[in-house]
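Report on the following structure.
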Amino acid sequence: MLLRGIKIVPDETHFPFLRYSRVFFLFSIGLVVASIVLLAARGLNYGIDFRGGILIEVRTEGPADIGAMRQSLSGLGLGEVALQEFGEEDDVLIRLERQPGGEEAQGDAVGVVRDALGSNVDYRRVEMVGPQVSQELLLNGVYAMIAAVVGIVVYVWFRFEWQFAVAAIIAEAHDVITTLGIFALLGFEFNLTTVAALLTIAGYSINDTVVVFDRVRENLRKYKRMPVSELLDVSINQTLGRTFNTGLTTLLAIGALYVLGGEVIRGFSFAMIWGIVIGTYSSICVAVPLLLYLQIRGEGKGAASSGTVDPAPQPVDPEPR
């Protein structure tokens, strides 16, 4: 693995991950418990999608100056105001949080926005998102997460064995709960975009996990008398370069989105950055060590369980098949 001629991760590493499995588990349990406490105590900062509000689609004369429009609307006392380009450069979608006082208050808020933006703006659509619709969106987001997790479990179970599926689902739950916890801690807005980020994190994390699982399964067939803990360490180290380089290159892209993408996708970008870091960690330090306690077995009687060790594994291509 090279990056501009420099080896970031050596081809053959021998880090004893399983030796520190209890430390990893305690750290992960602490993260999950802290996240649950934060969610119970502070809750999530739901965006307009989940709280209800006002959607206004406008078209400007020429490319829209999102920054100037946001500055004009942020001081109107309407609470949270979100703006984003919607289609063309001159189309802007404005989102206002639901105003207290019923339908009349919502209409007054739209009038305030019209006065602030002036007459050079064409109003193409004005919609009110009520509590019932926002509640439906929230439930649909939860159903999407549940469906994704169930699909992942079924996929891993059929491709490997039930022990791998259990380890994968625990690692996935770890990633999702800690991501929700960091949002509760920092108070970032939680909306449909964040749900999309959570689904992306789940997919990214399971991809990393399956790569290591695939090497574990291959080594179970190859070294049938090697102790499980040693075999798992070998498998992690053989795929460590791939895992690290994939995470690093993805972080570079998402980091650019976070810095340069603006307020509209900042929550999504932050969730992805955290998800990549915690997903990589859970694949190596949570999912694979769990296999040791779930008593995986290789092919053949007594496989990977005997105290007799096979000859030392020959250097292999660290990239998984």
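The values are calculated or read from the model by the stated rules, or taken from the named source; none is laboratory data. Worth saying up front: this structure is predicted, and the values here are computed from it rather than measured. Counting neighbours? That spans all protein chains shown, and the Cβs are built from the backbone with ideal geometry, glycine included.
Summary table below
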read-out	value
Criterion: under 19 Å from F24 (Cα atoms), in contact with an Asp or Glu (Cβ under 9 Å, 6 or more places away or on another chain), in contact (Cβ under 8 Å) with a residue 12 or more places away in the chain and not aromatic (F, W, Y) - qualifying residue of I206, I177, I182	I206
Inter-residue pairs, beta-carbon under 6 Å, first of a type outside the set (S, T, N, Q) and in the range 258-269, second in a helix (DSSP H, G or I) and modelled with pLDDT of 80 or more, 6+ apart	Y258/S269; G261/S269; G267/T194; F268/T193; F268/A197
When residues of the range 32-55 are limited to those that are of a type in the set (A, V, I, L, M, F, W, C) and at pLDDT below 80, the one surrounded by the fewest Cβ atoms within 10 Å (Cβ to Cβ)	L55
Single residue of G181, G203 found to be surrounded by fewer than 23 Cβ atoms within 10 Å (Cβ to Cβ), under 29 Å from R221 (Cβ atoms) and touching a helix residue (DSSP H, G or I) at 6+ places or on another chain (Cβ under 8 Å)	G203
Single residue of the range 97-116 satisfying the filter (surrounded by fewer than 16 Cβ atoms within 10 Å (Cβ to Cβ) and of a type in the set (D, E, K, R)) that is modelled with the lowest pLDDT	E103
Only one of S134, S119 that is more than 19 Å from the chain's Cα centre (by Cα), modelled with pLDDT under 80, surrounded by 14 or more Cβ atoms within 10 Å (Cβ to Cβ) and of a type in the set (S, T, Y)	S134
Options L290, L220, L240, L232: the member that is closer than 18 Å to L18 by Cα, modelled with pLDDT under 85 and within 26 Å of the chain's Cα centre (by Cα)	L240
Helices (runs of 4 or more DSSP H) contained in the range 89-207 and holding at least 1 residues over 30 Å from V58 (Cα atoms)	131-159, 162-186
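Quick grid of which residues meet (1) of a type in the set (A, V, I, L, M, F, W, C); (2) outside the structural domain of G275 (by TED's automatic domain parsing); (3) closer than 20 Å to E80 by Cβ:
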| site | (1), (2), (3) |
| --- | --- |
| D122 | no, yes, no |
| G151 | no, no, no |
| E161 | no, no, no |
| A165 | yes, no, no |
| I177 | yes, no, no |
| L186 | yes, no, yes |
| N191 | no, no, yes |
| Y204 | no, no, no |
